[in-house]
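Contents: one structure, followed by commentary.
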């Protein structure tokens, strides 16, 4: 059997954007690595951020030393040999423009059918074949249809990309990469941000792809330490910053994997305790956010009375009656595509059907003429993967946070008061982020970017804080920092999240899986 990739005592270096403060190229791993990938292996790479580095090496990223220590033997005989790394780290970015390994985006207005035009959106088949709406390029319909069948997308043919749920779009992204027929497709965090139902479907299509002889691509998936390993995986590579810790058959490495998980949980608990202790030193900052309600009576802040949302006559949200009281923290639960983000968009006035007298926010009806976007959102803090996708990356970290003092603007304000400047600096200090203050937003890791956008969402003391998968695709340390920060805030919170470890403390929940049929579940946590 001819290997796809062979690493023999290989060192790798990274440069430029990978360094925040360094001056010289530094090694990706502190030790040399040796590894062989054979065709149609069923393999998972397990680790922290190091797994992404390892997948990048397999995908021909970084510089190898000596130069011939990384080889692709099969490529000597096959001029079509290709490698690809597909990442879902920014899992909320999808739609028109999602043509590279990091995603793409479509703004909310397009997602909610305000626009439906091939210039701003595209059909599933065209997306998979990477064909623009005005292209003369003819794609292989048989190959597209075969991939649609293998990845269980048959019921979505002819649909616009922006109408797909997170899980559906993830399968479309995988189909898009398989259409290019890479010899190696590395998929990092394939289940990140998916609900259990969507996770199961994506897992099944990956299994089908791995075993399907009509697909010549070899899949390599990257998993976090705490992730469950799919049952179809046969081989494991465990990595950290030093390089490969263990590699071999999954059945032979079970004890090593369990020890890795136990050590991870211990580190996680210790880290959480330290961050909580540090944030407690700034309790006065958070107490300033507390609403004056000495009688502890329930004060409605969001009220919906038989709210309905329809697309072309088809219900998306039906007969929803829901009340959120001041200070409550709600976990909004439901499968991908069940209507969670649509529900939140009604509150922020991002949805075309937001102007509805059946909705009252801050005791004001949402009738046309009674409210406007700016007056409403100056009291609402918000962050999500979609915001992350469209947010300008050319500002410094300090400037990025400062835009949280404004409404509907990504332009940093001029002449900030001394108190506002000090407040930003305190938030950066208590989360150990002061060293990032003057660095461009684009030059910091994605996890830190999301943490900075979280600070931005709360910097202006919002009365309602909306967190749509705000802590997904972050490092474990940054997730803990984000959760501890949110737990300290004395304001009304609405939270979407599928992974328990990424959900801050909530005291109420609503389940919207039956929203299309008017069925909801409410309860206390």
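The values are calculated or read from the model by the stated rules, or taken from the named source; none is laboratory data. In this text, all values refer to a predicted model and were calculated from it rather than measured experimentally. Cβ placement follows ideal geometry from the backbone for every residue including glycine, while neighbour counts extend to all protein chains displayed.
Suppose the filter is under 24 Å from residue 469 (Cα atoms), at pLDDT below 85, surrounded by 13 or more Cβ atoms within 10 Å (Cβ to Cβ) and in the same structural domain as residue 490 (by TED's automatic domain parsing); does residue 325 pass it?
It is false that residue 325 is under 24 Å from residue 469 (Cα atoms), at pLDDT below 85, surrounded by 13 or more Cβ atoms within 10 Å (Cβ to Cβ) and in the same structural domain as residue 490 (by TED's automatic domain parsing).
Quick one: in region 458-480, which of the residues that are over 17 Å from the mean Cα position of the chain (by Cα) and outside any loop (DSSP other than H, G, I, E, B) is farthest from residue 269 (Cα to Cα)?
Here is the first cut: in region 458-480, the residues over 17 Å from the mean Cα position of the chain (by Cα) are 458-465.
Within this subset, residues satisfying the condition of being outside any loop (DSSP other than H, G, I, E, B) are 458, 464-465.
Numbers: 458: 25, 464: 29, 465: 26 Å.
Among residues in region 458-480 that are over 17 Å from the mean Cα position of the chain (by Cα) and outside any loop (DSSP other than H, G, I, E, B), the one farthest from residue 269 (Cα to Cα) is 464.
Would you point out the residue of region 285-312, among those that are modelled with pLDDT of 85 or more and over 21 Å from residue 505 (Cα atoms), that is surrounded by the most Cβ atoms within 10 Å (Cβ to Cβ)?
Ranking the qualifying residues of region 285-312, first place goes to 309.
Of the conditions (1) surrounded by 15 or more Cβ atoms within 10 Å (Cβ to Cβ); (2) in contact with a helix residue (DSSP H, G or I) (Cβ under 9 Å, 6 or more places away or on another chain); (3) closer than 18 Å to residue 242 by Cβ, residue 44 clears all except one; give me its number.
Condition not satisfied by residue 44: (3).
Can you work out which of the residues in region 161-174 that are in a helix (DSSP H, G or I) and more than 16 Å from residue 87 (Cβ to Cβ) is modelled with the highest pLDDT?
Ranking the qualifying residues of region 161-174, first place goes to 168.
Answer with yes or no whether residue 311 is under 30 Å from the mean Cα position of the chain (by Cα) and not assigned by TED's automatic domain parsing to the domain that holds residue 495.
No: the conditions fail for residue 311.
For region 200-230, give me the residue count where each residue is modelled with pLDDT of 95 or more and assigned to a loop (DSSP other than H, G, I, E, B).
Selection size over region 200-230: 2.
Would you mind listing the helices (runs of 4 or more DSSP H) fully within region 330-426 where at least 3 residues are closer than 18 Å to residue 308 by Cα?
Values: elements: 340-348, 373-377, 385-390, 397-402.
In region 330-426, 340-348 are the helices (runs of 4 or more DSSP H) which contain 3 or more residues that are closer than 18 Å to residue 308 by Cα.
Would you call residue 370 in contact with a strand residue (DSSP E or B) (Cβ under 6 Å, 6 or more places away or on another chain) and free of Cβ contacts under 8 Å to residues at least 12 places away in the same chain?
Spelling it out, it is not the case that residue 370 is in contact with a strand residue (DSSP E or B) (Cβ under 6 Å, 6 or more places away or on another chain) and free of Cβ contacts under 8 Å to residues at least 12 places away in the same chain.
Determine whether region 498-510 contains at least one residue that is within 23 Å of the chain's Cα centre (by Cα), surrounded by 22 or more Cβ atoms within 10 Å (Cβ to Cβ) and at pLDDT 95 or above.
No: zero hits.
Within region 430-453, track down each residue that is out of contact with any helix residue (DSSP H, G or I) (no Cβ under 7 Å at 6 or more places or on another chain), modelled with pLDDT of 95 or more and part of a helix (DSSP H, G or I).
435
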